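Enquirer: Just dropping this structure here.
The values are calculated or read from the model by the stated rules, or taken from the named source; none is laboratory data. Quantities reported herein were computed from a predicted structural model and do not represent experimental measurements. Neighbour counts are summed over all protein chains in view; Cβ atoms, including those assigned to glycine, are modelled from backbone coordinates with ideal geometry. These area figures cover heavy atoms from the full protein model, side chains too; ligands, DNA and RNA do not enter into them. Shrake-Rupley method; radii C 1.70, N 1.55, O 1.52, S 1.80 Å.
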Amino acid sequence: MKSVLAVVWLLCGCYTASCVQVKDGDRSFPLEAVKQLKALLDDAGPRVGPQPARSGAVSAVCADPALPRVFYPVCRGRGPAGVFSRLVNVLMASDPCEICANPSCFGCLR
C-alpha cells in the first residue's frame, strides 16, 4: 500500500512540475515551450540587452518547424516580437548572482 501511495505522489509531483506556465497578458505558455523559444531566438541571431527580439529573427523563428505549436497564434497575431521578448526575458536572471547562498558564488553585493 505504501509503495502505491509513493508512486501516486511521484506522479503528482511530475505532473505539477510539468505544468509551470509563463503568462503574458491573457495568454499562458508552458515553461518548456518558452525555453525552446529562447533557444530558437538565440540561434536566429544575437540580442542586445533587454531590447525586443529583431523582426528578422522573429520571422525566422515563426517559420521554423521546431517552433512549439503553442506559439503559432502569436506568430499570426499582432506584435509577436514584443510577446517573444517578454517571454524570453522571464528566463533571464536580473541578478547574475541570484543564489548568493551558494558559497562558490563570488561578487554578490548583498
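Enquirer: Could you check the range 68-91 and list, in sequence order, the residues that are exposed (fewer than 10 other Cβ atoms within 10 Å of the Cβ) and at pLDDT below 90?
Expert: 78, the sole residue that qualifies.
Enquirer: Name the residues in the range 44-61 that are modelled with pLDDT of 85 or more and open to solvent by 50 Å² or more (accessible area, probe 1.4 Å), would you? Let's see the steps before the verdict.
Expert: Taking the range 44-61 and keeping what is modelled with pLDDT of 85 or more, we get 58-61.
Hits for the range 44-61 are 59, 60.
Enquirer: Six or more apart or on different chains, Cβ atoms under 7 Å: show the pairs whose first residue is in the range 48-73 and under 18 Å from residue 31 (Cα atoms) and whose second is open to solvent by 60 Å² or more (accessible area, probe 1.4 Å) and modelled with pLDDT of 90 or more.
Expert: Hits for this filter: 68/36.
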